[in-house]
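Inspection log for the structure reproduced underneath, given as structure tokens.
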Amino acid sequence: MSIFNQILSAIDNPEREASSNQLGNILDTVQQVSGSYQANPDAVQSAMSIVGNYTKSALQQQRAQGGTAQVNQLVNQFGGTRANSQILSALFSNSQIREMMQQINRRTGLNTQTIQAILPILVPLVLNLLKTGNKQGNLRDNNPVVNSFLDSDGDGDVDLTDAMNMAYRYLGR
């Protein structure tokens, strides 16, 4: 099941944290980032997809080292719609951040300054998408959205751009 289908399933499940409002806030933040940094919205969505790939790899490594509880803690601590530069050092090495920035620059044409400014926003947004699978009142319970994100087909492609486009359509935007 695709990550977006998992998110929709969580929205439809009253036991899960997900809501249309949460999804809308994530999409609104992506649009605000585009406006604030005079960046093409497609470029920001592409950047978010790249960030998603790096985040997936980092969370898989966290899960291998500290288990699912450690992943859930990071998702819950840092998932949101506000910038948080602490998550960058919590998830990524300096070389991973450089690689991610270079890939974003090559694929989107965004300059280094813009990329440095938006990374602390985009990583929490990716984690906020993952929070949609949290069980109400029990953040330690199995999160099917995180599981789907981390246990996908292994092709290395976490296409958050597709998921965001589906979310825009779902919300009628």
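What to note about this one:
- Restricting segment 1-42 to residues that are of a type in the set (D, E, K, R) and part of a helix (DSSP H, G or I), the residue that is nearest to N143 (Cα to Cα): D12
- Test: residue in segment 46-55 that is surrounded by 19 or more Cβ atoms within 10 Å (Cβ to Cβ), in contact with a helix residue (DSSP H, G or I) (Cβ under 9 Å, 6 or more places away or on another chain) and either farther than 30 Å from Q102 by Cβ or of a type in the set (F, W, Y) (or both): yes
- Of the residues making up segment 83-137, those that are outside any helix (DSSP H, G or I), surrounded by fewer than 16 Cβ atoms within 10 Å (Cβ to Cβ) and out of contact with any helix residue (DSSP H, G or I) (no Cβ under 8 Å at 6 or more places or on another chain) are S93, Q136, G137.
- Residue match in segment 92-100 (condition: closer than 21 Å to N134 by Cα and touching a residue at least 40 places away in the same chain (Cβ under 8 Å)): no
- G133 in contact with a Lys or Arg (Cβ under 7 Å, 6 or more places away or on another chain), in contact (Cβ under 8 Å) with a residue 60 or more places away in the chain and not hydrophobic (A, V, I, L, M, F, W, C): yes
No value in this document is a laboratory result; all are computed from the given coordinates. Given the structure is predicted, the values throughout are model-derived calculations rather than measurements. Every residue, glycine among them, receives a Cβ derived from its backbone with ideal geometry; neighbour counts consider all protein chains shown.
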